[in-house]
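First up is the structure itself, then whatever we jot down about it.
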Amino acid sequence: MLLDLAKNRHSLTLVAALLLLPLGACGGGSDDDHADHGHAEGDMDHAEEAADDGAPRVYFVDLENHATIPSLINLQFAAENFIIEPVGDGAINEGAGHYHIAIDGECLEPGIVIPTADPWIHFGDGSDSIELELSPGEHYLCLQIGDGEHRTLDEPGLSQYIMVHVEEEAAE
């Protein structure tokens, strides 16, 4: 019975969040906004804002939303209250999964199998970093957890979407 209540509470929370999402959507047309990408302001919070309720979450380490970064960067990511594990035999272990990153792609809705093609990078080996070279300009990064079948999970904290600005290289 308690498990059923927890599932219903989670479903109700998810429904309420989806109903309120249009109220928090971005507007305007400045270069700093992300309205073209359809994300609410809360989706692009500070990368290392502390979780205060013990809920699982993922985040980029030492990288804030709207940060200016060099073109060559070592992206690191971490999880709290969640187990990161290699894919293995494709088994689905509750409370466990692995990282995926989309470069200039949207985060996916819960229950979607994360594609194995651009813009997605899979970390099925359980690793938590990658060295990337990005072109100068604005880039959107989605860090998202997938289970043993690469399916996105429904916990809201298991994806993070941020924008970074890659600086032009100085001419020599």
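Every read-out reported here was derived from the displayed coordinates using simple, explicitly stated rules and does not represent laboratory data. Here the structure is a predicted model, which means the values were calculated and not measured.
Observations on the structure shown:
- Phi angles across the range 98-110 convert, under the Karplus curve 6.51 cos²θ - 1.76 cosθ + 1.60 with θ = phi - 60°, into 3J(HN,Hα) values of 9, 7, 9, 10, 9, 9, 6, x, 7, 5, 9, 5, x Hz, Gly and Pro given as x.
- Phi-based couplings in Hz for the range 150-156 (Karplus 6.51, -1.76, 1.60; Gly and Pro marked x): 6, 8, 5, 9, 8, 6, x
- Whole-Å semi-axes of the range 101-172's equivalent ellipsoid (Cα gyration tensor): 26, 13, 10
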